[in-house]
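This report refers to the structure that appears directly beneath it.
The values are calculated or read from the model by the stated rules, or taken from the named source; none is laboratory data. All of these numbers come straight from a predicted model, not from anything done at the bench. We place every Cβ from the backbone using ideal geometry, glycine too, and count neighbours over all the protein chains shown.
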Amino acid sequence: MTAPGLSVELTVAQRNVQLAFEVNAGATVGLLGPNGSGKTTTLLALAGWLIPDTGRAYLGDTTLFNCPSPAKRPVTWVPAKDRGIGYLSQDHHLFPHLSARENIMYGMERAGITGRKARREAAEAWLDRVGLAGLGKRKPDQLSGGQAQRVAIARVLASGPRLVLLDEPLAALDVDAAPAIRDVLAEVTRDLTVVLVTHHHDDVVALADEVVHMRR
């Protein structure tokens with residue numbers, strides 16, 4: 001499946017956010033700026049969890065939202081569950097009662113991927129791809145912070161998202177674990193369309209093709 005391009009413009013007055021940017025198909029754009037500059041707000045709107053005052057976003061041929069006026073309901077609004085978007089935050093949000101493999105399988109099931117055997121095999125392949133081969137039976141509390149974030153990366157990408165949103169994906173990791181996870185992200189998101197939120201220049205240099213500088 002060919003990755004689609006992304007075109008965004010939006011305004012969220014209450015959070016003082018106003019911006020426009022485009023992401024070429026299969027490229028990564030980094031939203032770089034201090035806390036409070038609207039980076040996460042932008043991702044929430046793209047994910048379908050926040051309605052902007054005005055704006056529009058197109059993912060390939062799909063209109064994610066079209067909000068021409070803050071006084072009216074959106075003309076177009078695709079629900080979050082139907083957008084085909086993967087969201088990875090700094091907290092892994094793994095289910096504590098599920099194993100690493102089961103967490104990944106759950107993400108695929110939610111995305112409509114049928115066949116338990118196929119999901120299991122795909123989960124094992126993703127564990128291998130993120131450097132966790134043989135650890136599929138471990139629960140989150142049996143994993144290090146870096147390992148848990150690798151599982152979270154696999155869970156997001158195994159569902160085959162059309163767009164990947166990375167919200168400070170390395171912020172909760174210690175300085176020793178972050179470089180390895182950064183390398184994993186660079187490899188597994190290659191050729192995907194990605195919006196990366198960060199305030200670290202190292203992340204932008206390693207992962208982004210273009211940068212949008214945001215200010216308060």
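Given the condition of a type outside the set (Gly, Ala, Ser) and free of Cβ contacts under 8 Å to residues at least 24 places away in the same chain, answer yes or no: does some residue in segment 126-135 qualify? Even if it seems obvious, please write down each step before you answer.
Here is the first cut: in segment 126-135, the residues of a type outside the set (Gly, Ala, Ser) are 126-130, 132, 135.
Subset that is free of Cβ contacts under 8 Å to residues at least 24 places away in the same chain: 128.
Yes: one or more hits.
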message: Condition (residue is at pLDDT 95 or above, under 17 Å from residue 3 (Cβ atoms) and hydrophobic (A, V, I, L, M, F, W, C)) applied to segment 30-45: is it met by at least one residue?
response: no
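Out of curiosity, is residue 2 modelled with pLDDT under 95 and among the β-branched types (Val, Ile, Thr)?
Details: modelled with pLDDT under 95: yes; among the β-branched types (Val, Ile, Thr): yes.
For residue 2, the condition - modelled with pLDDT under 95 and among the β-branched types (Val, Ile, Thr) - is met.
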query: Looking at segment 48-64, which of its residues are in contact (Cβ under 8 Å) with a residue 40 or more places away in the chain and either among the β-branched types (Val, Ile, Thr) or touching a strand residue (DSSP E or B) at 6+ places or on another chain (Cβ under 7 Å) (or both)?
result: 52, 53, 54, 55, 56, 57, 58, 59, 62
message: Of all residues being closer than 20 Å to residue 71 by Cα and modelled with pLDDT of 90 or more in segment 14-29, which is surrounded by the most Cβ atoms within 10 Å (Cβ to Cβ)? Just the residue, please.
response: 17
message: If a residue counts only when it is under 16 Å from the mean Cα position of the chain (by Cα), which strands (runs of 3 or more DSSP E) contained entirely in segment 145-216 have at least 1 such residues?
response: 163-167, 194-198
message: Taking the criterion of being free of Cβ contacts under 8 Å to residues at least 40 places away in the same chain, buried (at least 19 other Cβ atoms within 10 Å of the Cβ) and in the same structural domain as residue 60 (by TED's automatic domain parsing), would at least one residue in segment 199-211 satisfy it?
response: no
query: If you go through segment 12-33 one residue at a time, do you hit one that is within 20 Å of residue 171 (Cβ to Cβ) and part of a loop (DSSP other than H, G, I, E, B)?
result: yes
- prompt: Within segment 164-189, how many residues turn out to be closer than 15 Å to residue 29 by Cβ and without any contact (Cβ under 8 Å) to a residue 60 or more places away in the chain?
  reply: 2
query: Of all residues in segment 96-109, which are in contact with a helix residue (DSSP H, G or I) (Cβ under 8 Å, 6 or more places away or on another chain) and farther than 16 Å from residue 127 by Cβ?
result: 96, 109
